[in-house]
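J.: Before I ask anything, here is the structure I am working with.
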Amino acid sequence: MGLDQLDYHQRLKKLNLYSLERRRERYLIINAWQQIEGLTENVLGLKARRLGRSRRIVSAKIPIGINGKRIKERDRTLIHNSTARKSERLFNVLPQSIRNITKTTTETFKRHLDKWLSSIPDTPKIDGYGANVAAETNSIFHQTRYCIIR
């Protein structure tokens, strides 16, 4: 049976691939980990801290105003949706056991990440078609709120 008879979700499953959104988010997580580990240049200026027993990426709160002038909501949204902020949110939603992986190879980190990702639904909505899922979007950030994480 050819793939042309299958819808997007069935093709992904048959080919053992992540959706485009999941691949982008996986890349952001791996890149953030590499930056805080010092394996690549920290171009996003990410900072990791231990909060209790867990490592998290932390950043300054998005300001409401600067020098007495209110920042436009549009500019606050741009900051919120920046690559650094997306990477931070995605990294921080990972289980503690993955966030705390340090002093190892990128391949080892990827193996742990992929094992965990296999438990997270990857069901993007495309042209009105999408699996019946409770999550707001297919983002790892939203999907983790609606599934049991092993």
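The values are calculated or read from the model by the stated rules, or taken from the named source; none is laboratory data. Just so you know, these numbers come straight off a predicted model, no measurement behind them. Note that each Cβ is placed from the backbone with ideal geometry, even for glycine, and that neighbours are counted across all protein chains shown. Quick note on the areas: whole protein, heavy atoms, side chains included, nothing else; ligands and nucleic acids left out. Shrake-Rupley method; radii C 1.70, N 1.55, O 1.52, S 1.80 Å.
J.: With +1 on each Lys and Arg Cβ and -1 on each Asp and Glu Cβ, and nothing else charged, work out how big the dipole of the range 1-121 is about its Cα centre, in Debye to the nearest 20.
T.: Charge dipole of the range 1-121: 560 debye, to the nearest 20.
J.: Which order do Tyr27, Tyr8 take when ranked by solvent-accessible area (1.4 Å probe, heavy atoms of all protein chains), largest first?
T.: Tyr27, Tyr8
J.: Enter the accessible area of Asp7 (Å², nearest 10), with the probe set to 1.4 Å and all protein chains included.
T.: Approximately 50 Å² for this residue.
J.: Let me ask something else. Which label belongs to the value computed from this structure, given these candidates for volume of the Cα convex hull per residue in Å³: (1) 157; (2) 95; (3) 114?
T.: Among (1) 157; (2) 95; (3) 114, the one derived from this structure is (1).
J.: Over the chain, with every protein chain in place, what whole percent of the accessible area is carbon and sulfur at 1.4 Å, could you tell me?
T.: That share works out to 52 percent.
J.: Also, I was wondering about something else. Lys/Arg Cβ at +1, Asp/Glu Cβ at -1, dipole of the chain taken about the Cα centre: which of Ser87, Tyr27, Ala135 is farthest positive-ward?
T.: Among Ser87, Tyr27, Ala135, the one farthest towards the positive end of the dipole of the chain is Ser87.
J.: Separate question: Rounded to the nearest whole Å², what accessible area per residue is found for the chain with the 1.4 Å probe?
T.: It amounts to 67 Å² per residue over the chain.
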